[in-house]
1. Report yes if some residue within segment 90-104 is assigned to a loop (DSSP other than H, G, I, E, B) and farther than 21 Å from residue 4 by Cα; otherwise report no.
2. Return a yes/no flag: does segment 23-44 have any residue that is out of contact with any strand residue (DSSP E or B) (no Cβ under 6 Å at 6 or more places or on another chain), in a loop (DSSP other than H, G, I, E, B) and surrounded by 11 or more Cβ atoms within 10 Å (Cβ to Cβ).
3. Check residue 30 against each of (1) closer than 19 Å to residue 92 by Cα; (2) modelled with pLDDT of 95 or more and name the one condition it does not meet.
4. From the set of residues in segment 1-22 that are without any contact (Cβ under 8 Å) to a residue 40 or more places away in the chain and part of a helix (DSSP H, G or I), which is farthest from residue 85 (Cα to Cα)?
5. What do you reckon, is residue 12 at pLDDT 95 or above, within 16 Å of the chain's Cα centre (by Cα), farther than 11 Å from residue 79 by Cβ and surrounded by 13 or more Cβ atoms within 10 Å (Cβ to Cβ)?
6. Give me a count of the residues in segment 45-89 that are touching a residue at least 40 places away in the same chain (Cβ under 8 Å) and not in a helix (DSSP H, G or I).
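The values are calculated or read from the model by the stated rules, or taken from the named source; none is laboratory data. Since the structure is predicted, the reported quantities are computational estimates derived from the model, not experimental observations. FYI the Cβ positions are ideal-geometry reconstructions off the backbone, even for glycines, and counts take in every protein chain you see.
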């Protein structure tokens with residue numbers, strides 16, 4: 001199994017878009033909307049399951065493939081948005097994690113258990 005960096009993925013998506021001349025469609029507005037749409041499609045797989053049951057959804061091969069596909073769609077659109085806005089996604093993630101490390105030191109339980117914010 002090979003490993004790809006975030007930069008590799010960003011470059012692969014840029015090539016894919018360039019080969020199809022899709023830059024005109026890849027505006028920040030359209031891409032951010034696409035992220036939300038794909039995220040909603042991802043959420044559908046877990047919608048009617050409780051918290052603990054949702055952990056078991058991807059144990060079924062068909063569900064695993066479907067969730068993996070939707071997750072890939074979200075990531076592709078996120079990286080396409082990074083490309084369209086000249087954001088180095090890897091650096092943005094590391095910078096955000098560094099800020100969150102300060103905001104939420106180990107052992108701290110925020111009122112909402114999340115990484116973003």
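1. yes
2. Residues of segment 23-44 out of contact with any strand residue (DSSP E or B) (no Cβ under 6 Å at 6 or more places or on another chain): 23-44.
Filter once more, keeping what is in a loop (DSSP other than H, G, I, E, B): 26-27.
The next check asks that each one be surrounded by 11 or more Cβ atoms within 10 Å (Cβ to Cβ); those that pass are 26-27.
Yes, segment 23-44 contains at least one residue that is out of contact with any strand residue (DSSP E or B) (no Cβ under 6 Å at 6 or more places or on another chain), in a loop (DSSP other than H, G, I, E, B) and surrounded by 11 or more Cβ atoms within 10 Å (Cβ to Cβ).
3. Just one mismatch for residue 30, condition (1).
4. If we filter segment 1-22 for residues that are without any contact (Cβ under 8 Å) to a residue 40 or more places away in the chain, which is where we start, we get 1-4, 8, 11-12, 15-16, 18-22.
Now narrow it down to the ones that are part of a helix (DSSP H, G or I): 8, 11-12, 15-16, 18-19.
Values: 8: 17, 11: 14, 12: 16, 15: 16, 16: 17, 18: 15, 19: 19 Å.
The selected residue is 19.
5. no
6. 2
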